[in-house]
Amino acid sequence: MALGFDRAGVAPATPPRHGEAFRDWLDRGYAGEMAYLGRRAAERLDPRRVVEGAASMLCVASVYAAREPEPAAPAPGVAQIARYAQGDDYHEAMLGRLRALGDALEAMAGRALRWRAYVDTGPVLERDAAEAAGLGWIGKNTCLIDPELGSYLFLGVLISDLALAPDGAGVDHCGTCTACLDACPTDALRAPRVLDARRCLAYSTIELRGTIPETLRGAQGSWTFGCDICQEVCPWNRRRARGPEPLAGLRDVFAPRDAWRAPTLRWLLGLDEDAWRDATRQSALRRSKYRGLLRNALVAAGNSGERSLAAAVEPHTRSEDPLIAEHASWALERLGPT
Ligand code: B12
């Protein structure tokens, strides 16, 4: 596929199969502070409200990390960064290619089409659409899993009024496995395919702007941006690939940057805002803002057991920002007397 996507498939532009589950999720308050998810709920529940006369959804997926039979445990004093955020920001990288696909579809149809392309930020349940388009199935960890590629996949969707032949929905292969539910350190997976985002470390380290609830801090371990635990334990991400997985096409855009593969907490705690801006240019890491990343690193330092980090934590206890000062004091107390 010239555009560098690993998978593509077509679903009819009809209401999502799990629309009720989405409504129920909102009603339970599981979206936490992500109010934007409820604001355009009607559109999320019917793609024809997004594109007038919508007939089909062309869904794409791109691998952003290779599968590993046994993910390595983090070294002491090292921060864990979710794989999806270690390379270049996926939004622009995928959206540009999806838009090229829209233009190509128009040329192919020989008429002006109504179409919209989205990656992450649009009023679409992208996993539902991807499952309906046969790109895989929604696992018990709520991630879209491809039976060959696993779940380290970015998704994108192009909704258009062009009637394309649908590919048929993906088939569920989770079976009796509950590895993800058992491994989640904060019990965010309340039931198979039901995630209370307020308890999810990806939410608390990326989306949450304020204080990280004390109930989540210990469980955060060394995760400093996002969390991959429910994917790392998934057998579909642990199957040995047939030979090393080549990083080609769009994939090399997402290859980990040296700075973010396994950054030390000492380095992160020493970053000022300008250095943070430089290091997060064109990266999904920008989403937590400087303040959020520093807050997360303080919690990870508090969990590290590395007394030598106290000297890097201590100055932040005098921060003018009460959020930073409070998390730093918490971390210092947890590290114990120097
Ligand atoms: C909000 C959001 C989050 C929130 C909430 C996550 C969530 N599960 O909803 C937070 C910040 C926690 C988050 C975390 C992550 N995210 Co996010 N996120 C989104 C976003 C913007 C909206 C998702 C949404 O609408 N959630 C609403 C709830 C209700 O959906 P859901 O939990 O998936 O539940 C559905 C299924 O369970 C389904 N279902 C299917 N069968 C069944 C059966 C039953 C019985 C039930 C009840 C439900 C059900 O029905 C529900 C409704 O569709 C999407 C982009 C998009 N526009 O879709 C990206 C997206 C889902 N995220 C993505 C990624 C990569 C991540 C992380 C892996 C990043 C990281 N490593 O930290 C984690 C994964 C955590 C996890 N296990 O989900 C990718 C997922 C790709 C994939 N392979 O699945 C997406 C698609 C972005 C993209 N374009 O690539 N994310």
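The values are calculated or read from the model by the stated rules, or taken from the named source; none is laboratory data. Given the structure is predicted, the values throughout are model-derived calculations rather than measurements. Counting neighbours? That spans all protein chains shown, and the Cβs are built from the backbone with ideal geometry, glycine included. Note: accessible area is taken over every heavy atom of the protein model, side chains too, but ligands, DNA and RNA are not part of it. Shrake-Rupley method; radii C 1.70, N 1.55, O 1.52, S 1.80 Å.
Quick look at the numbers
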{"item": "Heavy-atom accessible surface of the chain: percent carbon and sulfur, 1.4 Å", "result": "52 percent"}
{"item": "Backbone N under 20 Å from the Gln282 label point (7 Å along Cα→Cβ), restricted to segment 89-105", "result": "89-101"}
{"item": "Point-charge dipole on Cβ atoms (K/R +1, D/E -1) for segment 101-235, about Cα centre, debye to 20", "result": "400 debye"}
{"item": "Largest-first ellipsoid semi-axes for segment 66-137, taking √(5λ) over the Cα gyration tensor eigenvalues, angstrom", "result": "35, 15, 11"}
{"item": "Charge dipole (debye, nearest 20) of the chain; +1 at Cβ of Lys and Arg, -1 at Cβ of Asp and Glu", "result": "160 debye"}
{"item": "Alpha-carbon centroids, segment 206-230 and segment 47-95: separation in whole Å", "result": "19 Å"}
{"item": "Accessible area per residue, Å², the chain with all protein chains present, probe 1.4 Å", "result": "45 Å²"}
{"item": "Sorted largest first, extent of the chain alpha carbons per principal axis (Å)", "result": "70, 43, 41"}
{"item": "Among 152-160, 295-303, the order from most to least packed when residues are scored by Cβ within 10 Å on average", "result": "295-303, 152-160"}
{"item": "Bins of 5 Å, starting at 0 and running to the largest distance - Cα pair percent for segment 1-127", "result": "2, 8, 15, 18, 16, 16, 13, 7, 4, 2, 1, 0"}
{"item": "Principal axes of segment 187-338: Cα extent on each, largest first, Å", "result": "51, 38, 27"}
{"item": "In range of the label at Ala35: residues from segment 109-123 whose backbone nitrogen is under 20 Å from the point 7 Å along Cα→Cβ", "result": "121-123"}
{"item": "Scattering profile of segment 64-183 at q = 0.09, 0.19 Å⁻¹ [log10 I(q)/I(0), Debye over alpha-carbon scatterers]", "result": "-0.34, -1.18"}
{"item": "15 Å beta-carbon shell around Glu306, net charge (K/R +1, D/E -1)", "result": "+1"}
{"item": "Summed side-chain charge close to Leu98 - residues other than Leu98 whose Cβ falls under 11 Å, Lys, Arg +1, Asp, Glu -1", "result": "+1"}
{"item": "For Thr211, solvent-accessible area (1.4 Å; no DNA, RNA or ligand), Å²", "result": "80 Å²"}
{"item": "Net charge of Cβ neighbours under 14 Å - reference Glu273; Lys, Arg +1; Asp, Glu -1", "result": "+1"}
{"item": "Extension reserve of the Val171-Glu106 stretch, reckoned as 0.36 nm per residue once the Cα distance is removed", "result": "20.3 nm"}
